[in-house]
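The values are calculated or read from the model by the stated rules, or taken from the named source; none is laboratory data. Note that the structure is predicted; figures quoted are calculated from it, not measured. Using ideal geometry, Cβ is built from the backbone for each residue, glycine included, and neighbour counts are taken over all protein chains shown.
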Amino acid sequence: MSVGLSLPRIDARAKVTGSAAYPGDLAMPGMAHAKVLFARRPHARVIAIDTREAANLPGVLGIFTGADVPNNEYGLVLFDAPVMVGVAGGKVFDGVVRHVGEKMALIVAETERIAERARELIRIEYEDLPVIDSIEAALAPGAPQLHPHYPGNVIHPYKIRHGDAAAGFAQAEVIIEGEYRTGAQEHAYLQPEAGLAYIDEQGRITVQVAGQWAHEDQEQIAHALRLPLERVRVIYPAIGGAFGGREDMSVQIVLALAVQRLGRPVKIIWTREESIIGHHKRHPAWARAKLGALRDGTLVAAQIQLYTDAGPYNYTSNKVLGNATVTCVGPYVIPNVTIDSAAVVTNNVPSGAFRGFGSPQALFIAETQMNKLADALGMDPVALRRKNALRDGSITVNGSVIPDGCSMVEVINACAAAADWGAAQEALPVKGYIKRGRGFAAGHKNIGFSFGAPERCEATIELHGATQIERAVVFHAGADCGQGAHTAFLQIAAEALGIPTDKIELRLSDTSTSGSSGSASASRLTFMAAGSIVGAAAAVLKKWQEEERPARADFVYRPRATTAMDPETGESDPNITYGYVAEVADVEVDTETGQVRVLNLVCADDVGRAVNPQQVVGQIEGGVAQGLGWATLEHFVSKGGRPLTTRFSTYLIPSVYDVPDNVDSVLVEISDPHGALGIRGMAEMPLLPVAPAVVAAIHAATGLWMDELPVTAERLRAKLK
Ligand code: MOS
């Protein structure tokens, strides 16, 4: 038995000793160095690009612009962004810079210094265009259309019409109305974007880079360079954090282009500032919400208008918004719901995937509405949730039955019990201006791609030996972004093959040796990889019994299919299954400075089955810290489309002094009937309820509802005065 043990991480030693190679550590003899010239203006027409002077600088090997990209477009969901922005009238969309992080040129030189100096010699003539820097400005009548594909500056509207909201509100005895705003969030992973590209021994353009889905990177490179897939190879070394921030392309395509053109290995590493302007952020959101209930707490109606700021390109905005739309009324049964949502095009830094993928924003709205309702009813917030929570057989806002294995009630109960909710809070001796309070929030989020997107995950296993299995080799493309996925793969393989882990070799994250795993995202990888590894193990053991030596089997796992939302009603069976989480936060508010300190946080998370409990606890503690940063500290400031917080000295993330003194991780293990070995995805869940739980605790301490995130000390102090 290997599943359920807290085995040490297989990469732990290499990481703590520094021997693990991240993309920024890679080197090859004869390698050249690249730099990207970013537009650094939010909206402009490109009149001319002159690279002659730069190209003449000694040591410069090549300068590439949009005109050099054979098929100058990319996008994870929709091809709507140029790899590099070329001149107007070129083949590149329409020669328009739409955000500060647009790539204008790639400079390759003998040294990084020469590439930097050459970058300064590139002359670009721009004609600045009016900048749209907010949802309100983008939707204002007469606002210019920023992208040819998106009339009205709207990427993807969704509608939910479930029951009859007007009739529901007519029946309601208490109605809560609120307006909410949440801010952008920077992923702040340790390893900035970096990579090394070269031609491998089989003549393939090979890119070693940090990403979340090697085969998708391979496809995007092949698409932009018009190459057959098999001519491109992507390998992930140690990744150094991702959190959704590596779902979209950064250095992959331009590195591949440089190698294709120069034939020499090329290395790039972005500075932190380049990373911050060069990759997407969590979507800022704005919502107006109305919730109706009977006196006894029964929810009868909800109405929500929700907009997210997508920046100028889709990235994953339509998918993020789909998730937000489905979860913005929370994990509750509400018979009458109207939701209208849209992702809005602006000239801000693009928004995209970030741990939770739309659900943190959605649940901040839903759970704060619930806490306000509990307050208005004079009802215990846990009892209110228990009364209305989704359970097996419940009908969701999509008009379909919640996937079976719904454990929301059990998770709420587990959290309340672990936190001793309901027990009188001791009046701790605190100074008069320090107030304490406690808050509760719950949440749910889909596991896996949704809304009918095809899902698959592939594994290959080889068994070597004569009579006994002496050695097994597991081939898998799944990305270990730092979450411990590869250790989980090892444990699942050992369990499924019935052999000890030390007999197993892993061949990982290389498109030339594995089929596609799908991405390390959507809390899906352990769930999907388990399906693929368990399937491959059964297939290869059968061949082993049939005396095949070495035995080898591939298996493609396909979970149950989902369906897209009806455009008029939202009706669908959108998700394979969900993760469920609940949290209690105890905070201390300094009413003089507005500073909030989280003393204690209890997180109960149904993980189905903990493959490696220590790693699950690590995910909970990390998710809580990241959620706390988004809720209270991380303030991504932009003015006129220009980010002002492009360093960690101005964009503050939680440090050891800011994380709670105590995080109590409660692992609930209710088998997920959809998951192999009962596994349920969990990596995003711990982040989801942090903001609403902390905001409820601030309310308990001060009597103030903070409806805009982040609740910085400055904002809270202004409201306290
Ligand atoms: Mo994730 S936010 O689904 O990479």
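Residue-level check: of (1) farther than 27 Å from Thr206 by Cα; (2) buried (at least 24 other Cβ atoms within 10 Å of the Cβ); (3) in contact (Cβ under 8 Å) with a residue 60 or more places away in the chain; (4) away from the ligand (no atom under 16 Å from the Cβ), Ile533 misses just (1).
Specify the residue that is farthest from Gly518 (Cα to Cα); the eligible residues are those in the stretch 210-268 that are small (Gly, Ala, Ser) and touching a strand residue (DSSP E or B) at 6+ places or on another chain (Cβ under 6 Å). Give the steps one after another, and end with the answer.
First pass over the stretch 210-268, keeping only residues small (Gly, Ala, Ser): 210-211, 214, 222, 224, 238, 240-242, 244-245, 250, 256, 258, 263.
Cutting the leftovers down to touching a strand residue (DSSP E or B) at 6+ places or on another chain (Cβ under 6 Å) gives us 214, 222, 224, 256, 258.
Details: Ala214: 8, Ala222: 17, Ala224: 20, Ala256: 21, Ala258: 27 Å.
So the residue we want is Ala258.
Can you confirm whether the stretch 335-356 contains a residue that is within 21 Å of Gly297 (Cβ to Cβ), assigned by TED's automatic domain parsing to the domain that holds Trp286 and buried (at least 24 other Cβ atoms within 10 Å of the Cβ)? Checked the stretch 335-356: at least one residue is within 21 Å of Gly297 (Cβ to Cβ), assigned by TED's automatic domain parsing to the domain that holds Trp286 and buried (at least 24 other Cβ atoms within 10 Å of the Cβ).
One residue is enough: does the stretch 562-571 have a residue meeting the conditions closer than 30 Å to Ala625 by Cα, in contact with a Pro (Cβ under 8 Å, 6 or more places away or on another chain) and part of a loop (DSSP other than H, G, I, E, B)? Within the stretch 562-571, none of the residues are closer than 30 Å to Ala625 by Cα, in contact with a Pro (Cβ under 8 Å, 6 or more places away or on another chain) and part of a loop (DSSP other than H, G, I, E, B). Of the candidates Leu57, Leu78, Leu37, the single residue that is assigned to a loop (DSSP other than H, G, I, E, B) and modelled with pLDDT of 95 or more is Leu57.
Might you check whether a residue that is within 16 Å of the ligand (Cβ to nearest atom) and either closer than 25 Å to Thr298 by Cα or surrounded by 21 or more Cβ atoms within 10 Å (Cβ to Cβ) (or both) occurs anywhere in the stretch 365-384?
Step one: list which residues in the stretch 365-384 are within 16 Å of the ligand (Cβ to nearest atom), which gives none.
The answer is no, given that none of the residues of the stretch 365-384 is within 16 Å of the ligand (Cβ to nearest atom) and either closer than 25 Å to Thr298 by Cα or surrounded by 21 or more Cβ atoms within 10 Å (Cβ to Cβ) (or both).
If you go through the stretch 652-680, how many residues are among the β-branched types (Val, Ile, Thr) and assigned to a loop (DSSP other than H, G, I, E, B)?
Our first condition is that a residue be among the β-branched types (Val, Ile, Thr); within the stretch 652-680, this holds for 653, 656, 659, 663, 666, 668, 670, 679.
From what is left, the residues that are assigned to a loop (DSSP other than H, G, I, E, B) are 653, 656, 659, 670, 679.
Qualifying residue count, the stretch 652-680: 5.
Which ones in the stretch 173-229 are without any contact (Cβ under 8 Å) to a residue 40 or more places away in the chain, closer than 27 Å to Asp80 by Cα and surrounded by fewer than 19 Cβ atoms within 10 Å (Cβ to Cβ)? If the condition is that a residue be without any contact (Cβ under 8 Å) to a residue 40 or more places away in the chain, closer than 27 Å to Asp80 by Cα and surrounded by fewer than 19 Cβ atoms within 10 Å (Cβ to Cβ), then Glu219, Leu227, Pro228, Leu229 are the ones that fit.
Sort through Arg715, Arg647 and tell me the only one that's away from the ligand (no atom under 16 Å from the Cβ), in a loop (DSSP other than H, G, I, E, B) and either over 17 Å from Val581 (Cα atoms) or within 24 Å of the chain's Cα centre (by Cα) (or both).
Working: Arg715 fails: in a loop (DSSP other than H, G, I, E, B).
Among Arg715, Arg647, only Arg647 is away from the ligand (no atom under 16 Å from the Cβ), in a loop (DSSP other than H, G, I, E, B) and either over 17 Å from Val581 (Cα atoms) or within 24 Å of the chain's Cα centre (by Cα) (or both).
Would you mind stating whether Asn348 is at negative phi, within 13 Å of the ligand (Cβ to nearest atom) and in contact with a Ser or Thr (Cβ under 9 Å, 6 or more places away or on another chain)?
On the way: at negative phi: yes; within 13 Å of the ligand (Cβ to nearest atom): no; in contact with a Ser or Thr (Cβ under 9 Å, 6 or more places away or on another chain): yes.
Answer is no for this residue.
Out of Ala32, Ala27, report the one residue that is out of contact with any Lys or Arg (no Cβ under 6 Å at 6 or more places or on another chain), more than 24 Å from Asp133 (Cα to Cα) and touching a residue at least 60 places away in the same chain (Cβ under 8 Å). Quick ask: steps written out before the conclusion?
On the way: Ala32 fails: out of contact with any Lys or Arg (no Cβ under 6 Å at 6 or more places or on another chain).
Result: Ala27 is the single residue among Ala32, Ala27 that is out of contact with any Lys or Arg (no Cβ under 6 Å at 6 or more places or on another chain), more than 24 Å from Asp133 (Cα to Cα) and touching a residue at least 60 places away in the same chain (Cβ under 8 Å).
Out of all the residues in the stretch 208-238, which are touching a helix residue (DSSP H, G or I) at 6+ places or on another chain (Cβ under 8 Å) and either within 16 Å of the ligand (Cβ to nearest atom) or modelled with pLDDT under 95 (or both)? Talk me through it step by step, then tell me what you get.
So in the stretch 208-238, the residues touching a helix residue (DSSP H, G or I) at 6+ places or on another chain (Cβ under 8 Å) come out as 208-211, 217-222, 224-225, 227-229, 231-238.
Result: Val209, Ala210, Gly211, Asp217, Gln220, Tyr236.
So Asp248 passes all but one of these: (1) farther than 29 Å from Ala485 by Cβ; (2) within 14 Å of the ligand (Cβ to nearest atom). Which condition number does it fail? Looking at each condition in turn, Asp248 falls short on (1). The residues of the stretch 538-555 that are touching a strand residue (DSSP E or B) at 6+ places or on another chain (Cβ under 6 Å) and either charged (D, E, K, R) or part of a helix (DSSP H, G or I) (or both), listed by number, are Ala539, Val540, Lys543, Trp544, Arg552, Asp554.
Based on this model, can you work out whether Leu667 counts as under 26 Å from Tyr651 (Cβ atoms), among the aliphatic types (A, V, I, L, M) and surrounded by fewer than 22 Cβ atoms within 10 Å (Cβ to Cβ)?
Numbers: under 26 Å from Tyr651 (Cβ atoms): no; among the aliphatic types (A, V, I, L, M): yes; surrounded by fewer than 22 Cβ atoms within 10 Å (Cβ to Cβ): yes.
No.
Given the options Ala81, Ala48, name the one that is aliphatic (A, V, I, L, M) and over 26 Å from Ile276 (Cα atoms). Step through it out loud before you land on a result.
Values: Ala81 fails: over 26 Å from Ile276 (Cα atoms).
Matching residue, one of Ala81, Ala48: Ala48.
The residue pairs whose first member lies in the stretch 382-400 and is without any contact (Cβ under 8 Å) to a residue 12 or more places away in the chain, whose second member is surrounded by fewer than 17 Cβ atoms within 10 Å (Cβ to Cβ), and whose beta carbons are closer than 8 Å, counting only pairs six or more residues apart or on different chains, are Gly393/Val401.
Just to be sure before I move on: is Gly330 within 16 Å of the ligand (Cβ to nearest atom), touching a residue at least 12 places away in the same chain (Cβ under 8 Å) and not assigned by TED's automatic domain parsing to the domain that holds Ser519 in the structure I sent? Step through it out loud before you land on a result.
On the way: within 16 Å of the ligand (Cβ to nearest atom): no; touching a residue at least 12 places away in the same chain (Cβ under 8 Å): yes; not assigned by TED's automatic domain parsing to the domain that holds Ser519: yes.
No, not satisfied.
More than 30 Å from Tyr557 (Cα to Cα), of a type in the set (S, T, N, Q) and in contact (Cβ under 8 Å) with a residue 40 or more places away in the chain: is that true of Thr702 in this structure? For Thr702, the condition - more than 30 Å from Tyr557 (Cα to Cα), of a type in the set (S, T, N, Q) and in contact (Cβ under 8 Å) with a residue 40 or more places away in the chain - is met. Scanning the stretch 1-23 for residues that are in contact with an Asp or Glu (Cβ under 9 Å, 6 or more places away or on another chain) and either in the same structural domain as Ala610 (by TED's automatic domain parsing) or not in a loop (DSSP other than H, G, I, E, B) (or both) yields a count of 1. Residues of the stretch 515-530 that are more than 12 Å from the ligand (Cβ to nearest atom) and part of a loop (DSSP other than H, G, I, E, B): Gly515, Ser516, Ser517.
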